[in-house]
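Report on one structure; see the data block that follows.
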Amino acid sequence: MKRLSLALLIVFAMPVSAQELATAFKSTEVAPGIHLVEGADGFGGGNISLLIGKQYVMLVDDGLEPIAKILQEYVQGVAGRPINFVVNTHVHGDHAGGNAYFAENGTVVVAHENIRRRLLEDADPAGGPAGLPVLTFEDGVNFYLDGIEARVFHLPHAHTDGDAGILFPGLNVLQAGDMFFNGLFPFIDLDNGGSVNGYISAQRRLLEMTSPDTKIIPGHGPLASRADLEKDLATLIEARALVQAMVDDGKTEDQIVAANPLAKFHDNYNWGFITTERMTRTLYRDLTNGQ
Ligand SMILES: [Zn+2]
């Protein structure tokens, strides 16, 4: 492992993934031409999708830097040809970590302008400077890959300030990036431009794009339905209100944590990276603007 970025340290700090990094990948075809790719025997990073058109091949996200070569060989094997494009859903190293390796092997990296801006400051989450996007967008960009249409769209200040979701309208598949952690407390990265209001707005926008049978690929967690996203959105709105009520009562951050207003969600939503305490502190910090 040649580089341990902060994002990777965060990943490694997750007790839930006391599991090792994946040494192999597996894929499931969720709709004709779209495969969900994930680690087969360990943590492979955030969820990845692989689009295989007749001529063009595209990845959405490319996992962790140390296992980029394994991923690249795997997806190229599944597709039967080189990967033309990779689109990043956001800047974190468990989603963009393979950028440099893929770029060095001929893949065009596409991402929101804010991802490039952040990577110019610190390229580690993309596996180094070679992983910087060479094609960026502000509001969105559309791909037409031999009959598969992919609409990449930006949702501002949600998980970060460079988030993209991808809608495959012909196939009724939506990739949500880390604007959806299926069944887990979400990581809202306030230090990278994320916000709770933005996250809630983003999930509402995502819901508007779905029908009851839309397949939703979350950033983390299993393939989801609209009902799953509705449930997590309702949880976040209620969690925010519970913390807001205590802020309004003049409670300090530590008093609120001690009172544990999110206790009712703990058994279902607590996980190693975003514990109930961390979710509470994130909501407090967001609601009080970091005071
Ligand atoms: Zn992330």
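The values are calculated or read from the model by the stated rules, or taken from the named source; none is laboratory data. Values in this document were obtained by computation on a predicted structure and should not be read as measured data. Cβ: placed from backbone, ideal geometry, glycine included. Neighbour counts: every protein chain shown.
Residue by residue through the stretch 163-207, note down the ones that are hydroxyl-bearing (Ser, Thr, Tyr), within 15 Å of the ligand (Cβ to nearest atom) and assigned to a helix (DSSP H, G or I).
199, the sole residue that qualifies.
Has the stretch 104-112 got at least one residue that is within 16 Å of the ligand (Cβ to nearest atom), polar (S, T, N, Q) and touching a residue at least 24 places away in the same chain (Cβ under 8 Å)?
The answer is no; no qualifying residue exists.
Considering only the stretch 207-225, state which residues are among the charged types (D, E, K, R) and closer than 15 Å to residue 177 by Cα.
Across the stretch 207-225, the qualifying residue is only 215.
Kindly indicate whether residue 241 is aliphatic (A, V, I, L, M), over 17 Å from residue 175 (Cβ atoms) and without any contact (Cβ under 8 Å) to a residue 12 or more places away in the chain.
yes
Condition first: more than 16 Å from the ligand (Cβ to nearest atom) and of a type in the set (Phe, Trp, Tyr). Can you find one or more residues in the stretch 125-142 that meet it?
The answer is yes, given that some residue of the stretch 125-142 is more than 16 Å from the ligand (Cβ to nearest atom) and of a type in the set (Phe, Trp, Tyr).
Residues are listed down the side, and each one gets a yes or a no for (1) in contact with a Pro (Cβ under 9 Å, 6 or more places away or on another chain); (2) at pLDDT 95 or above; (3) surrounded by 24 or more Cβ atoms within 10 Å (Cβ to Cβ):
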site: 156; (1), (2), (3): no, yes, no
site: 165; (1), (2), (3): no, yes, yes
site: 168; (1), (2), (3): no, yes, yes
site: 178; (1), (2), (3): yes, yes, yes
site: 182; (1), (2), (3): yes, yes, no
site: 188; (1), (2), (3): no, yes, yes
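Being at pLDDT 95 or above, out of contact with any helix residue (DSSP H, G or I) (no Cβ under 8 Å at 6 or more places or on another chain) and closer than 19 Å to residue 139 by Cβ, is that true of even one residue in the stretch 207-228?
yes
Using beta carbons and a limit of 9 Å, which pairs, at least six apart or on different chains, have the first residue in the stretch 141-159 and assigned to a loop (DSSP other than H, G, I, E, B) and the second one of a type in the set (D, E, K, R) and within 16 Å of the ligand (Cβ to nearest atom)?
155/163; 156/163; 157/163; 158/178; 159/178; 159/189
Checking residue 102 against (1) crowded, with 24+ Cβ neighbours inside 10 Å; (2) under 14 Å from residue 57 (Cβ atoms); (3) within 17 Å of the chain's Cα centre (by Cα), only one condition comes out false. Which one?
Single failed check for residue 102: (3).
Restricting to the stretch 84-99, and then to whatever is within 26 Å of residue 199 (Cα to Cα) and without any contact (Cβ under 8 Å) to a residue 60 or more places away in the chain, can you tell me which residue is surrounded by the fewest Cβ atoms within 10 Å (Cβ to Cβ)?
That would be 86.
Is it the case that the stretch 62-79 has a residue that's in a strand (DSSP E or B) and more than 16 Å from the ligand (Cβ to nearest atom)?
no
Within the stretch 20-29, can one find any residue that is modelled with pLDDT under 95 and within 16 Å of the ligand (Cβ to nearest atom)?
No: zero hits.
Considering only residues that are more than 17 Å from residue 139 (Cα to Cα) and not in a loop (DSSP other than H, G, I, E, B), look in the stretch 80-95 and name the one that is farthest from the ligand (Cβ to nearest atom).
For the stretch 80-95, the residue satisfying everything is 85.
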